[in-house]
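Student: Below is one structure. I have some questions about it.
Readers should treat all values here as calculations from the given coordinates under stated rules, not as data from a laboratory. What you are looking at is a predicted structure, and each value in this text was computed from that prediction instead of being measured. Counting neighbours? That spans all protein chains shown, and the Cβs are built from the backbone with ideal geometry, glycine included.
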Amino acid sequence: MKASVLDGLAIASEIRAEAASTALTLIAKGTTPALAVVLIGDNPASASYVGSKVKACAECGIKSIKKEADISISEAKLINIINDLNKDSSVHGILVQLPLPDHIDENRVIEAIHPDKDVDGFHPVNAGRLVAGIDCLAPCTPAGIPELLSRSGYEISGKHAVIIGRSNIVGKPIMNLLIQKGKNANCTVTCCHSGTPNLSTYTKQADILIAAIGVAEFVTRDMVKPGALVVDVGINRVNDDSRERGYRLVGDVDFDSVSKIAEAISPVPGGVGPMTVAMLMKNTVAAATKLDN
Ligand code: GUN
């Protein structure tokens, strides 16, 4: 068997077109949706992600405001920047690119963002609303996963989803999204993590296996049930002297071996990554629509 490859690029482009259409409606009513992106320091991966987000905004008719600061910025100064963006009614979304330098408390920074402008869905108010099943801004990477599966033609209701990873950015929110009653959810969910003994006992039971570990090619063929849908959230740089830039990107799943037995698999790059950016566009126009009313 050869798995079909989940085309995150094509589906992300569909979602970006929908966001662009909502942006046009807002613009016709006199509101240009605007996203502020805050980048601290010069981490090349963060700079690259922020670049993709700014580019996607331009394509969708969303105004982007890039705020950059040196790695030495104090927590208080960063929170002042956020407070100004909270007060600015022409700004609808605020995103602080993570990770932040060690001297800054990430949680305090996230809590400073107004929940209605929290397009990353990381604020505890949005995290709580997600758990309670209340309409909210949901984190972009997790929210993109059911979209990627359903728009590829896979029904996820009633399936057993096994997640590897319990981060606040991916593992916990995807658990809470998939367990909801309703369309494009309704899964039985198991969340495994670094404290899970005999991991493959669980992963082999997965109809949907979601890998969000942060370890290159961690999930191998022997850990996967034949016919599973495999979603790879990892983006890892591995040294590769044959590439001009000296590295290549691989996921948390050993694509070559797992694609021989899975029903479908998301590639890296071109799978979950572009979906994250598309869902950010969707959240930004949703925040602008709500704030405009
Ligand atoms: N760093 C890694 N992923 C993300 C994300 O989705 N949002 C932000 N703000 N930072 C990140």
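Student: Evaluate the distance, in nm, between pseudo-label points positioned 7 Å from the Cα of Ser48 and of Asp88 along their respective Cα→Cβ axes.
Tutor: Here the answer is 2.8 nm between the modelled labels.
Student: Remind me, relative contact order of the chain in percent, using alpha carbon pairs under 8 angstrom and six or more residues apart? Walk me through the numbers before you get to the answer.
Tutor: Working: 615 pairs, mean separation 69.1, N = 293.
Dividing the mean separation by the residue count of the chain yields 24 percent.
Student: Using only Cα atoms and rounding to the nearest 10 degrees, what angle (0 to 90) does helix 272-292 make with the longest principal axis of the chain?
Tutor: Roughly 40 degrees, rounded to the nearest 10.
Student: Also: List, in order, the whole-Hz ³J(HN,Hα) value for each residue of region 24-41 obtained from phi through the Karplus relation with A = 6.51, B = -1.76, C = 1.60 and θ = phi - 60°; use x for Gly and Pro.
Tutor: Computed from phi, the couplings for region 24-41 are 4, 4, 5, 4, 4, 8, x, 10, 8, x, 9, 10, 9, 10, 9, 10, 10, x Hz.
Student: Top mean-square fluctuation among Gly182, Gly171, Gly273, Gaussian network model of the chain, C-alpha springs under 10 Å?
Tutor: Residue with maximal mean-square fluctuation among Gly182, Gly171, Gly273: Gly182.
Student: Okay, next question. Hey, got the dipole for region 1-116? About the Cα centre, +1 on K and R Cβ, -1 on D and E Cβ, debye to the nearest 20? Before the final figure, lay out each step's value.
Tutor: Values: 11 positive and 15 negative charges, 85 e Å.
The dipole magnitude comes to about 400 debye.
Student: Using θ = phi - 60° and the Karplus curve 6.51 cos²θ - 1.76 cosθ + 1.60, what whole-Hz ³J(HN,Hα) does each residue of region 68-75 get, with Gly and Pro shown as x?
Tutor: 10, 9, 5, 4, 7, 4, 7, 4
Student: Let me ask another. Quick one: length gained pulling Thr220 to Lys77 fully straight, 0.36 nm per residue minus the C-alpha distance?
Tutor: 47.0 nm
Student: Turning to a different aspect of this structure: Could you list which residues have their amide H under 5 Å from that of Lys67, counting only those 5 or more apart in sequence or on another chain, with H placed in the peptide plane?
Tutor: For Lys67, whose amide H was placed from the backbone, the distant partners under 5 Å are Val37, Val38, Leu39.
Student: 5 Å is the cut-off here: which amide hydrogens, built 1.01 Å from N in the peptide plane, fall below it relative to His160, excluding neighbours closer than 5 in sequence?
Tutor: Thr188, Asp207, Ile208
Student: Taking the Cα centroid of region 98-150 and of region 1-68, what is the distance between the two, rounded to the nearest whole Å?
Tutor: Here the answer is 16 Å between Cα centres.
Student: Then there's this: Which length gain, in nm to one decimal place, applies between Gln205 and Leu98 when the Cα-Cα distance is subtracted from 0.36 nm times their residue separation?
Tutor: Details: separation 107, 0.36 × 107 = 38.52 nm, distance 3.28 nm.
Result for the pair: 35.2 nm of gain on full extension.
Student: Something else: Using a Förster distance of 30 angstrom, determine the FRET efficiency expected from the C-beta separation of Lys183 and Glu59, and round it to 0.05.
Tutor: It comes to 0.60.
Student: Using only Cα atoms, tell me the angle between helix 140-151 and the longest principal axis of the chain; keep it within 0 to 90° and round to the nearest 10.
Tutor: So the inclination is approximately 50 degrees.
Student: Now a separate question. Sorted by average packing, counted as other Cβ atoms within 10 angstrom per residue and highest first, what order do 259-265, 35-41 take? The partial results should precede the final answer.
Tutor: Numbers: 259-265: 19.9, 35-41: 22.4.
Order by mean packing, descending: 35-41, 259-265.
Student: Another one. Taking Cα atoms, how many degrees apart are the long axis of helix 44-60 and the longest axis of the chain, rounded to 10 and kept between 0 and 90?
Tutor: 70 degrees
Student: So what are the chain's ellipsoid semi-axes, whole angstrom, largest first, if each one is the square root of 5 times an eigenvalue of the alpha-carbon gyration tensor?
Tutor: Calculated on Cα positions only, the semi-axes equal 31, 22, 19 Å.
Student: At a Cα cut-off below 30 Å, give the lysines reachable from Lys181, other chains included and same-chain residues fewer than 8 away excluded.
Tutor: Lys117, Lys159, Lys172, Lys204, Lys225, Lys282, Lys290
Student: Enumerate the whole-percent occupancy of each 5 Å bin, from 0 to the last occupied one, for all C-alpha pair distances of region 21-111.
Tutor: So the P(r) values, bin by bin, are 3, 13, 24, 22, 18, 11, 6, 3, 0.
Student: When the chain is fully extended, how far beyond the present Cα-Cα distance does Ala69 get from Ser167, taking 0.36 nm per residue of separation? Can you show the working numbers first?
Tutor: Values: separation 98, 0.36 × 98 = 35.28 nm, distance 2.60 nm.
Full extension of this stretch gives 32.7 nm more.
Student: Over the chain, what is the percentage of antiparallel beta bridges among all DSSP beta bridges, to the nearest 5?
Tutor: Looking only at bridges with both residues in the chain, the antiparallel portion is about 10 percent.
Student: Neighbouring Cβ atoms within 10 Å as the yardstick, rank Asp7, Asp120, Asp222 fewest first.
Tutor: Asp222, Asp7, Asp120
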